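Student: Handing you a structure now.
Please treat every number below as a calculation from the coordinates, not as lab data. Note that the structure is a prediction, hence the values are computed from the model and not measured. So basically every Cβ, Gly included, is an ideal-geometry build from the backbone, and we count neighbours across all protein chains shown.
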Amino acid sequence: MDIHKILKQLPHRYPFLLVDRVLDIDKGKTIKALKNVTINEPFFQGHFPHRPVMPGVLMLEALAQAAALLAFDAMDSSPSDDMVYYFGGIDGARFKRPVEPGDQLILEVELLRMKAGIFKFQARALVDGDLAVEAELTCAMRKIV
């Protein structure tokens, strides 16, 4: 899935779109996606100017965006203006290595279960095969009323 299809599936836009490409998707099971981390990212100006490091919360957000792509694919649907995909919880988040400009963050997400618009995922991100972050994510699709 290229950036054009991602833009049709996710409401996020620069600077908050954190998935550049979907490398592989196994319907209803797993997704493998890519985030190219560049020095041009606006958060690097302040985190940290002397040693730029991608904030952990943005790594988790990138994983959640990949999870949303997997969820929409699993349901054969697309987001609509009256639907929002929220974070419901983050459990067991562990940060194992810093992510710096020039890194490619490989996002791997597995759908554990879904019921009534609530999704549970096991997620991890790697750089050069090394674990950068892992967490269990809970997300919810809700209609805007």
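Student: Considering the chain as a Gaussian network with a 10 Å cut-off on Cα pairs, which listed residue, Pro52, Pro101, Pro15, attains the greatest mean-square fluctuation?
Tutor: Pro15
Student: Once semi-axes √(5λ) of the Cα gyration tensor in Å is worked out from the coordinates, which option in [x] 25, 16, 14; [y] 38, 27, 11; [z] 34, 19, 14 does it equal?
Tutor: [x]
Student: So, one more: How about Lys5: which lysines have a C-alpha closer than 24 Å to its C-alpha, ignoring those fewer than 8 places off in the same chain?
Tutor: The qualifying lysines are Lys27, Lys29, Lys32, Lys35, Lys120, Lys143.
Student: Further question on the same structure: Between Val109, Val84, Val22, which gets the highest mean-square fluctuation from a Gaussian network model of the chain, Cα cutoff 10 Å?
Tutor: Val84
Student: Ignoring everything except DSSP H segments at least 4 long, calculate the 222 nm mean residue ellipticity for the chain; use -39,500 (n - 2.57) per segment, divide by total residues, nearest 500. All intermediate terms of the calculation are to be shown ahead of the outcome.
Tutor: Values: 2 runs with 26 residues, N = 145.
Calculated mean residue ellipticity at 222 nm is -5500 deg cm²/dmol.
Student: Going toward the positive end of the dipole of the range 3-143, with +1 on Lys and Arg Cβ and -1 on Asp and Glu Cβ, which of Ala67, Val22, Gly117 do you reach last?
Tutor: Comparing the listed Cα positions along the dipole, Gly117 ranks first.
Student: Under a point-charge model restricted to the Cβ atoms of Lys and Arg (+1) and Asp and Glu (-1), what is the dipole moment magnitude of the range 1-76 relative to its Cα centre, in debye to the nearest 20?
Tutor: On the way: 9 positive and 8 negative charges, 14 e Å.
Around 60 debye, computed over the range 1-76.
Student: Under 10 Å, Cα contacts only: if you run a Gaussian network model on the chain, which one of Asp128, Asp24, Asp81 comes out with the highest mean-square fluctuation?
Tutor: Between Asp128, Asp24, Asp81, it is Asp81 that shows the largest mean-square fluctuation.
Student: With a 10 Å Cβ neighbour count serving as the proxy for reagent exposure, in which order, fewest first, do Tyr86, Tyr14 appear?
Tutor: Values: Tyr86 12, Tyr14 8.
Ascending Cβ contact count within 10 Å gives the list Tyr14, Tyr86.
Student: Continuing with the same structure: From the residues Ile39, Ala93, His50, which one has its Cα farthest along the dipole of the range 3-143 in the positive direction, the dipole being from +1 and -1 charges on Cβ of Lys/Arg and Asp/Glu about the Cα centre?
Tutor: Most positive-ward Cα: Ala93.
Student: Dipole size in debye (nearest 20) for the chain around its Cα centre, Lys and Arg Cβ +1, Asp and Glu Cβ -1?
Tutor: My answer is approximately 300 debye.
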